[in-house]
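Written below as structure tokens is the structure these notes are about.
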Amino acid sequence: MHNKLGNKYQEKHYQRAIEIKLKELGLSYKREQRVDVKFDNDKLGEFLLDFVIDDKIILELKTIWRITQDDVKQVLRYLEATKLKLAIIANFKHQRLEYRRVLN
């Protein structure tokens, strides 16, 4: 996908392209899944996850200068809130796709 589109689009464009590819591949996914942020049993707000694939993997897309430790911490909070074990952060900003696997 990165090879076809390059690095010149907005995050929403990559999200749509990934959604098209996931449908083509027949993979189950949820796009923009809302997940509650809780303190004890009280809801404080919610996270909005880009994709949850096969109810196993969070895919978070970025178009930023570089993936930072704050991005990793954000995805760790997603993993904790969903009880999932694996997330991938994909950054489309550069000539070469940057990505990080994050384990809970």
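Coordinate-derived values only; no laboratory data. The structure displayed is predicted, hence computed values, not measured ones. Quick reminder, even Gly has a Cβ in these numbers, built from the backbone with ideal geometry, and neighbours come from all protein chains shown.
Separation between the Lys85 and Arg34 pseudo-spin-labels, each 7 Å from Cα along Cα→Cβ, expressed in nm?
3.0 nm
Determine the alpha carbon to alpha carbon distance for each of Lys30/Lys62; Lys23/Lys56; Lys8/Lys56; Lys4/Lys73; Lys12/Lys83; Lys8/Lys73 and list only those over 24 Å.
Numbers: Lys30/Lys62 17 Å; Lys23/Lys56 17 Å; Lys8/Lys56 29 Å; Lys4/Lys73 30 Å; Lys12/Lys83 26 Å; Lys8/Lys73 26 Å.
With Cα atoms farther than 24 Å apart: Lys8/Lys56; Lys4/Lys73; Lys12/Lys83; Lys8/Lys73.
For Cα Rg over 2.2 N^0.38 Å, the choices are (i) 1.52; (ii) 1.09; (iii) 1.17; which was calculated from the structure?
Read-out from the structure maps to (ii).
For the chain, find the longest principal axis of its Cα atoms and tell me its angle to the long axis of helix 69-82, 0 to 90°, nearest 10.
On a 0 to 90 degree scale, this one is about 60.
Work out the FRET efficiency for Asp42 and Gln95 from their Cβ-Cβ distance, taking R0 = 35 Å, and round it to the nearest 0.05.
It comes to 0.20.
DSSP beta bridges in the chain, what fraction antiparallel, as a percent rounded to 5? Please list the in-between numbers first.
Numbers: 19 of 25 bridges.
Here the share of antiparallel DSSP bridges comes out near 75 percent.
At what distance in nm do the modelled label points of Leu76 and Lys12 sit from each other, each positioned 7 Å from its Cα along Cα→Cβ?
Inter-label distance under the simple model: 3.2 nm.
Please list, in order along the stretch 96-104, the HN-Hα scalar couplings obtained from phi with the Karplus expression 6.51 cos²θ - 1.76 cosθ + 1.60 (θ = phi - 60°), rounded to whole Hz, x for Gly and Pro.
10, 4, 9, 8, 9, 8, 10, 10, 8
For the stretch 1-62, calculate the relative contact order in percent as a whole number, restricting contacts to Cα pairs under 8 Å that are 6 or more residues apart.
For the stretch 1-62, the relative contact order is 27 percent.
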